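The values are calculated or read from the model by the stated rules, or taken from the named source; none is laboratory data. Bear in mind that the values here come from a model prediction, so they are computed numbers and not experimental data. Cβ sites come from the backbone with ideal geometry, for glycine too, and all protein chains shown count toward neighbours. To get the accessible areas, we keep the full protein, side chains included, count just its heavy atoms, and leave off ligands, DNA and RNA. Shrake-Rupley method; radii C 1.70, N 1.55, O 1.52, S 1.80 Å.
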Amino acid sequence: MKKELSAIEAKYEAQKIAFGPMYFQSVIALRDLGILQFISNHRKGVHVDTIIAEMDVSEYGITLLLEAAEILGVVEMEEGLVKISKVGFFLLKDEMTRVNVNFMNDVCYLGAKSMTESFKNGKPEGLKVLGDWPTIYEGLSILPEPAKTSWFDFDHYYSDNAFPDALKIVFRKNPKLIFDVGGNTGKWSFACCNHDQNVQIKILDLPVQLHVAKANATEKGLLDRIEFHAINLLDETQKIPQGADVIWMSQFLDCFSKEQILQILKNACQAASESTTLYILEPFFDNQNYPAAQYSLVATSLYFTIMANGNSKMYRIEVMKDLVSQAGFEVVETYPLIGNSYHTILECQKKA
């Protein structure tokens, strides 16, 4: 939103950007040292001297962190009394905020310094701080901690909330065989098996990811209902097999560039019959109810640049619909903001 700023206000906003990384890490320290939780435990406020006396942190450290927190609006201070603010409450208690903070700190922060280099080279140059892979997807199952936990928490948070309503939509047509393309750890496939005791699933993904999904399916006793098909969808010689009633892509296509998405959708089109339904579930950044969601999704595109693969992003809904059409499908139904989530489902059929 456009807002007229005075020169003084604009200069202040510029300083927020300049010192943003330092303030971010001050919040991490405030949280990880237990100071923010200690303040939160005292709803009516707690004196600075009490914090210094009770916490295993020096007076110097507490003083600096509280000064930074006050600037950020994380705490409120008056005459030596410290109270947690609404912003501080969300940093401690809000699941979306927790997941986003950990993802930025554990997965993206060190690699962010390589953003300019990533744009120049079209590669995720920041990924080297986590491991030696061409993209993050080859290394997901062996990411070092805490990056691995934070990555999967982030991925699941932005998909799991959509599953209950998505299942109702997908199973309206009583599918017998579902292809879970980019199935990751298998969470959607397991949800399908729990929803319908007769459905069969085929998970299509990179071999390293299938190893994790198969281990999870084994643990759940679902090997009789779930098959595993190794495929690299960036290799045009590897085709999606035919025979699916439903081809499901959940937060999958945003992992690729527009050219790659078109290639993948054309592959899906050759695998689809007239009775096959393609469902695409994505958190389109221009189709959100709240500014915080749009803000977070646009930032996620920068993660794709520096850490994931260097060329993918979160898309506008009309961009995805256009790619669907170019690939030989038509969008027959749009389900915006499924359930208590940030997602839209595009229901697609092969063009006659």
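Yes/no per residue for (1) among the small types (Gly, Ala, Ser); (2) under 27 Å from Tyr290 (Cβ atoms); (3) modelled with pLDDT under 95; (4) under 32 Å from the mean Cα position of the chain (by Cα):
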{"position": "Ala29", "(1), (2), (3), (4)": "yes, no, no, yes"}
{"position": "Leu33", "(1), (2), (3), (4)": "no, no, no, yes"}
{"position": "Gly61", "(1), (2), (3), (4)": "yes, no, no, no"}
{"position": "Gly73", "(1), (2), (3), (4)": "yes, yes, no, yes"}
{"position": "Asn102", "(1), (2), (3), (4)": "no, yes, no, yes"}
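Screening Val57, Val75, Val82, Val48 for residues that are farther than 28 Å from Lys113 by Cα and touching a Lys or Arg at 6+ places or on another chain (Cβ under 7 Å) leaves exactly one candidate, Val75.
Somewhere in segment 109-129, is a residue buried (at least 20 other Cβ atoms within 10 Å of the Cβ), touching a residue at least 60 places away in the same chain (Cβ under 8 Å) and among the hydrophobic types (A, V, I, L, M, F, W, C)? Yes, the conditions are met somewhere in segment 109-129. Picking from residues in segment 53-77 that are of a type in the set (Gly, Ala, Ser) and out of contact with any Phe, Trp or Tyr (no Cβ under 7 Å at 6 or more places or on another chain), the one that is most open to solvent (accessible area, probe 1.4 Å) is Ala53.
Within segment 30-52, residues that are of a type in the set (D, E, K, R) have Cβ atoms under 7 Å from residues that are surrounded by fewer than 19 Cβ atoms within 10 Å (Cβ to Cβ) and not in a loop (DSSP other than H, G, I, E, B) in no pair, counting only partners at least 6 apart in sequence or on another chain.
For first residues located in segment 288-303 and closer than 19 Å to Gly126 by Cα, partners that are at pLDDT 90 or above and charged (D, E, K, R) and lie 6+ apart or on another chain with Cβ distances below 6 Å form the pairs Ser301/Lys313. Here Ala162 fulfils each of the conditions (1) crowded, with 20+ Cβ neighbours inside 10 Å; (2) more than 19 Å from Asp245 (Cβ to Cβ); (3) under 20 Å from the mean Cα position of the chain (by Cα); (4) at pLDDT 95 or above apart from (4).
Is there a residue in segment 337-348 that is polar (S, T, N, Q), open to solvent by less than 10 Å² (accessible area, probe 1.4 Å) and either under 14 Å from Met249 (Cα atoms) or without any contact (Cβ under 8 Å) to a residue 40 or more places away in the chain (or both)? Within segment 337-348 (the criterion being polar (S, T, N, Q), open to solvent by less than 10 Å² (accessible area, probe 1.4 Å) and either under 14 Å from Met249 (Cα atoms) or without any contact (Cβ under 8 Å) to a residue 40 or more places away in the chain (or both)), the answer is yes, since at least one residue qualifies.
For segment 288-324, taking the residues that are surrounded by 17 or more Cβ atoms within 10 Å (Cβ to Cβ) and of a type in the set (D, E, K, R), the one that is modelled with the highest pLDDT is identified as Lys321. Among the residues making up segment 227-269, a single one is in contact (Cβ under 8 Å) with a residue 40 or more places away in the chain, small (Gly, Ala, Ser), surrounded by fewer than 21 Cβ atoms within 10 Å (Cβ to Cβ) and touching a Leu at 6+ places or on another chain (Cβ under 7 Å): Gly243. Checking each residue in segment 32-52 for being assigned to a helix (DSSP H, G or I) and open to solvent by 80 Å² or more (accessible area, probe 1.4 Å) picks out Asp32, Asp49. Against the test of being in contact with a helix residue (DSSP H, G or I) (Cβ under 8 Å, 6 or more places away or on another chain), β-branched (Val, Ile, Thr) and open to solvent by 60 Å² or more (accessible area, probe 1.4 Å), the options Val99, Val170, Val87 yield a single qualifying residue, Val87.
Looking across segment 53-76, the residues that are in contact with a strand residue (DSSP E or B) (Cβ under 8 Å, 6 or more places away or on another chain) and either assigned to a helix (DSSP H, G or I) or without any contact (Cβ under 8 Å) to a residue 24 or more places away in the chain (or both) come down to Leu66, Ala69, Glu70, Glu76.
Strands (runs of 3 or more DSSP E) fully within segment 220-330 that include at least 3 residues being closer than 23 Å to Glu347 by Cα: 246-250, 277-282. Applying the criterion of being in a helix (DSSP H, G or I) and closer than 21 Å to Ala69 by Cβ to the residues of segment 1-21, the residue that is farthest from the chain's Cα centre (by Cα) is Tyr12.
Screening Thr276 with (1) open to solvent by less than 20 Å² (accessible area, probe 1.4 Å); (2) of a type in the set (S, T, N, Q); (3) under 28 Å from Val99 (Cβ atoms) gives one miss only, at (3).
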